[in-house]
Amino acid sequence: MQDYREAARLDALHQLKLLDTPPSEHFDRITRMAAQIFQLPIAAVSLTDKDRQWFKSRVGVSHCAIPRDKAPCSQVAETRDVVVIEDFATDPGYADSTLAEHGTRFYAGAPLVTKDGYGLGALCVLGTEPRVATPEELAALTDLAAMVMEQIELQHAFGRIDPISGLPTRAQFRDDLADLALDCPGQARIAVVADLARDDQIAKIVGAMGAPRLDEMVREAAHAIQGALGADRTAYHVGTTQFAFLSPPDVDVQAYVALLEQGFQAIRATSSVRFVTNVAIGMRPFRLGEVVPEDVLRGAASAAQDARRNDGAIALYSAARDTEMRRHYDLLQDFGAALEADDQLRLVYQPRVDLATGRCLGAETLLRWRHPELGDVSPAEFIPIIEQTALARPATQWVLEHALDQLAVWQAAGLDLTLSVNISAANLMEADLIQRIQLALIARQLRPSQLEIELTESAMMAQPEKALAMLRELAEAGIALAIDDFGTGHSSLAYLQQVPAHVVKIDQAFVRGLNAAWGADYVLVETMVGLLHKLGRRVVAEGVETANAAALLASMGCEEAQGYWFARPLEVAAFAHWIEARKALAA
Ligand code: C2E
Ligand code: MG
Ligand code: MG
């Protein structure tokens, strides 16, 4: 065969990334069928590599490869024709071949030909007795070879090779892992996930240089990682900028950490991808067949996230973290149903008290979730999870509608209160948020001033400019705004000064330790109150747990307080009782 033609053929074969992959049932069932049709003990899907015939699938043979020299499959690949050897002993070309030496007398092979016309190898059957092949048998073998090719091309085309990096995908990783587990159950391996960049870095690259530049970087990184692994190991492209691979069997975890560190350092030193300097690596040791493939990958990916969060380069999978991630996932899955159900979500109300007069001015609305299996789940746990998703919108809408329903009931009963409702950063990006709030107020004949929207300082900082624009519109609509958790959000005073919030709530972190007129907390809170007053804001202290703290805050001129000292967040009925008792106290 001409050299260039053979080089192109080999290239086509290697591109398919089939060589040295584990056996697969998709192919094995076709091979078994070929053996059955011929009533012969041996059959194989045999691929013609540079100097070997490698078996992707085999029946009746234990080895994975034989030398290419004098292998009839090689002739099938080269000629792309059916080859039949009725008796090796009398065949001049094959009488002294390896197969003949091992007792093979009969061979029939049908070519595996790609759409581009490259012969990859053969679907072949072998026997230990001389025989002939009928035209019907050869037609069946040819049909089965075509099915093998369809399987190969299907695997290659359909979600199995990433079009950007050219590497096998997450789906392929799963399948390969399952096949590997069948081949070597119990073998110890480490799954490694390398995450190249943080989401915001990706967004920046795409924003500044366009998506093609990101593709180029991903391609370069893929090439570098695959290069470092070598030709006999596979790197998988499992997420936009995430790659995965498996360690060799039975490596020592600590030694492998060191090896990976070295490997990635080398990539960094030689690659033009500046990108990989931010690589975070997660490792998940496991035994083949003992952990389902999807969990293996998720475990390694969650370790990579841990590495990223801790600014470390490499992190090892932790079962505790995995349990946590799984719980996150479950909560996210179940929250949608909670919004639909009528017995899972409810609101509680925590009074806000005027420090000068002791009067209750209003309450903060706080969401509660009783999960049917997990029991009470704190909003501090589920809100941060759902507010990252599309559920942020219906969740806020649910709270708003139910809070205003309650406010209308209290108003009808003669209670004059202001309710505050917490919203998430994501809600600010909803173009119709203000309209929805206004509609909800009008439908219940409530005034905008009876509602206050609380937004944390850190939520504003997620997208400061957009947040500011939205908050200004909110203020123009006459809806009051409070900055929540003040002092913990890393915002600048220059920014906060522009936020049209009438109220600022000092975070409990500063208030809880307040028990004497000295100490760091005292100085901090007093300074904050003074500063906020100078900026014309009304100050609410959160987390007031003692009479002492309430008195100190009053002496600083802090207007309002909220906390366990006055009341815990209360159910509707308890809230009404609390108000009555308080009135009696004041009277
Ligand atoms: P937040 O808005 O700062 O609410 C105050 C939290 O402090 C509440 O926790 C309240 O129960 C607690 N707290 C009040 N007084 C004291 C006290 O004296 N000592 C202590 N240790 N804690 C006190 P909760 O209800 O668990 O809510 C936690 C967070 O979850 C809230 O913090 C808020 O950010 C979020 N959240 C709650 N409900 C909603 C909601 O409907 N929507 C949104 N977007 N977030 C909500
Ligand atoms: Mg709040
Ligand atoms: Mg707060």
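The values are calculated or read from the model by the stated rules, or taken from the named source; none is laboratory data. Quick caveat: nothing in here was measured; it's all calculated off a predicted structure. Reconstructed Cβ throughout: ideal geometry from the backbone, glycine too, with neighbour counts over all protein chains shown.
Which one is farthest from the chain's Cα centre (by Cα) among residues in the range 137-189 that are part of a helix (DSSP H, G or I) and of a type in the set (Lys, Arg)? Only one residue fits best here, namely 174. Among the residues of the range 29-39, not a single one is assigned by TED's automatic domain parsing to the domain that holds residue 136, touching a Ser or Thr at 6+ places or on another chain (Cβ under 6 Å) and not β-branched (Val, Ile, Thr).
Looking at the range 179-200, is at least one residue more than 24 Å from residue 246 (Cα to Cα) and surrounded by fewer than 16 Cβ atoms within 10 Å (Cβ to Cβ)? Looking through the range 179-200, at least one residue is more than 24 Å from residue 246 (Cα to Cα) and surrounded by fewer than 16 Cβ atoms within 10 Å (Cβ to Cβ).
Mind listing whichever residues of the range 1-32 are buried (at least 17 other Cβ atoms within 10 Å of the Cβ), in a helix (DSSP H, G or I) and of a type in the set (A, V, I, L, M, F, W, C)? The answer is 13, 27, 30. Counted as qualifying within the range 433-496 are the helices (runs of 4 or more DSSP H) with 3 or more residues that are within 16 Å of ligand 3 (Cβ to nearest atom) and under 26 Å from residue 524 (Cα atoms), namely 457-462.
Scanning the range 446-469 for residues that are more than 23 Å from residue 529 (Cα to Cα) and within 15 Å of ligand 1 (Cβ to nearest atom) returns 451, 462, 467. Applying the condition of being over 16 Å from residue 75 (Cβ atoms) and buried (at least 16 other Cβ atoms within 10 Å of the Cβ) to the range 113-130 and asking which residue is modelled with the highest pLDDT yields 127. Taking the criterion of being closer than 16 Å to residue 558 by Cα and either in a helix (DSSP H, G or I) or not aliphatic (A, V, I, L, M) (or both), the residues of the range 514-526 that qualify are 515, 521, 522, 523, 524, 525, 526. Total residues in the range 223-245 satisfying the condition of being without any contact (Cβ under 8 Å) to a residue 60 or more places away in the chain and either among the charged types (D, E, K, R) or in contact with a strand residue (DSSP E or B) (Cβ under 8 Å, 6 or more places away or on another chain) (or both): the figure is 5. Residue count for the range 543-587 under the criterion of being in contact (Cβ under 8 Å) with a residue 40 or more places away in the chain and either outside any helix (DSSP H, G or I) or within 15 Å of ligand 2 (Cβ to nearest atom) (or both): the result is 12. Checking residue 341 against (1) in contact with a helix residue (DSSP H, G or I) (Cβ under 8 Å, 6 or more places away or on another chain); (2) surrounded by fewer than 17 Cβ atoms within 10 Å (Cβ to Cβ); (3) not hydroxyl-bearing (Ser, Thr, Tyr), which test does it fail? The number of the failed condition is (1).
Inside the range 504-522, residues that are more than 12 Å from ligand 1 (Cβ to nearest atom), surrounded by fewer than 17 Cβ atoms within 10 Å (Cβ to Cβ) and either modelled with pLDDT of 95 or more or of a type in the set (Gly, Ala, Ser) (or both) make up a count of 4.
Say we look at the range 414-427 and pick out the residues that are without any contact (Cβ under 8 Å) to a residue 60 or more places away in the chain and part of a loop (DSSP other than H, G, I, E, B); which of these is farthest from ligand 3 (Cβ to nearest atom)? Only one residue tops the list, namely 414.
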